[in-house]
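In what follows, a structure is listed as structure tokens, so that the remarks can point back to it.
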Amino acid sequence: MAYSLLKQLHLTTIAITLILFVLRGIWMMGQSPRLQARWVRIVPHVNDTLLLASGLALAVLIKQYPLVHGWLTAKLLALILYIVLGTVAIKRGKTRGQRIAAWFAALLVFGYIVAVARTHNPLPFVG
Ligand code: HEM
């Protein structure tokens with residue numbers, strides 16, 4: 001019961017983070033003022049906090065932990081990388097080229113995280 005609710009929350013917040021990140025990337029590339037809207041600066045952080053919290057709660061429920069089980073260590077490190085690349089893409093990148101490169105790299109890291117989640121393997125593309 002708790003497991004399926006938490007997993008539902010995890011999957012929902014994953015969909016929301018992806019949609020918001022793609023949307024903000026499009027606004028960033030079009031230099032849209034919508035990027036500065038108040039909700040755009042708040043909602044992603046609230047959502048990403050729930051994403052991380054639901055992931056950690058699921059880890060406790062299945063008794064597998066980051067720094068103990070390789071796939072969860074990989075997921076946590078990759079999540080940090082996704083967040084860092086995301087802030088470069090949306091905020092910190094000095095040039096437009098830098099921001100766009102960081103945005104694509106963040107999406108690749110996101111794909112890697114999903115692959116790790118599905119296979120429980122830190123090297124999902126190797127086998
Ligand atoms: C952008 C970040 C993340 C993405 C895209 C993501 C993606 C996913 C997906 C797609 C699943 C379902 C896998 C399946 O049922 O086949 C899942 C499950 C899970 N995730 Fe995440 N996750 C993220 C962050 C995290 C973090 C930071 C943690 C904890 C450190 C975590 C822990 C878990 C756990 C424990 C499960 C349940 C696995 C199972 O029961 O088999 N996730 N995640």
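The values are calculated or read from the model by the stated rules, or taken from the named source; none is laboratory data. Just so we're clear, the structure is a prediction, and the values are computed from it rather than from any experiment. Glycine gets a Cβ as well: all are built from the backbone with ideal geometry, and neighbour counts include every protein chain shown.
Worth a mention:
- Close contacts from the range 65-80, counting a first residue that is at positive phi and a second that is near the ligand (Cβ under 9 Å from one of its atoms) and modelled with pLDDT of 95 or more, with Cβ to Cβ under 6 Å and a gap of 6+ residues or different chains, come to Leu67/Thr73.
- Any hit, the range 27-36, residues being at negative phi and either within 12 Å of the ligand (Cβ to nearest atom) or β-branched (Val, Ile, Thr) (or both): no
- Pairs with Cβ under 9 Å, 6+ apart, first in the range 20-41 and of a type in the set (A, V, I, L, M), second part of a loop (DSSP other than H, G, I, E, B): Ile26/Ser32; Met28/Gly93
- Filtered residues of the range 92-116 (kept if within 16 Å of the ligand (Cβ to nearest atom) and small (Gly, Ala, Ser)): Ala102, Ala105, Ala106, Gly111, Ala115
- Test: Val60 is assigned to a helix (DSSP H, G or I), on the phi < 0 side of the Ramachandran plot and more than 15 Å from the ligand (Cβ to nearest atom): no
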